[in-house]
Amino acid sequence: MLTEEYGLQKVSPKPWKSAFATFCAFLFVGTMPLVPFLVPDANMQWQFAFSTVIAAFMFFSIGMLKSLVFSLPMLASGVRTLLTGGTAAARKTAVTTTGRLNALTPRKPQGVTASILPKAGPWAITTLISRC
């Protein structure tokens, strides 16, 4: 009755087992985009492009696997996770490339008051993606 009506599990969770599984998954998925950089004589542009493709595939795969747990549509969940992770990666790249924390945020033009600027902040893209 607990499972059917309230969605509660009869077995108690094992936090150490969950933590270890999460750590192993994080290590595996996090090192996959680094594999192209292990090829010694490869072109740096090729390595970066291939690493980007692997990272995108990993984000999409995580989203698809997440859909199995939460009973969501696989394709939509994969795309949502890909867009969220891609946005975070793009912001990180922009910050490390330009050295500005608000690298993707448009600067306020000189002589324009804040009242006529859009109300969206620097996290507007991520917020819109997470609401999909």
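Every number in this text was worked out from the coordinates using simple rules, so none of it is lab data. What you are looking at is a predicted structure, and each value in this text was computed from that prediction instead of being measured. So basically every Cβ, Gly included, is an ideal-geometry build from the backbone, and we count neighbours across all protein chains shown.
A few comments on the model shown:
- Karplus (6.51, -1.76, 1.60) ³J(HN,Hα), θ = phi - 60°, over the stretch 76-85, in Hz, Gly and Pro reported as x: 5, 5, x, 5, 4, 5, 4, 5, 5, x
- Computed from the C-beta positions of ALA89 and LYS17, the FRET efficiency with R₀ = 25 Å rounds to 0.25.
- Calculated P(r) of the stretch 45-95 - Cα pairs past 19 Å, %: 30 percent
- Karplus-derived 3J(HN,Hα), 6.51/-1.76/1.60, for each residue of the stretch 13-30, Hz, glycine and proline x: x, 10, x, 5, 5, 5, 5, 5, 5, 5, 4, 5, 5, 4, 5, 5, 5, x
- With R₀ set to 25 Å, the beta-carbon distance separating CYS24 from THR98 gives a calculated FRET efficiency near 0.10.
- Isotropic mean projected area of the C-alpha convex hull, the stretch 32-74 (nm²): 3.0 nm²
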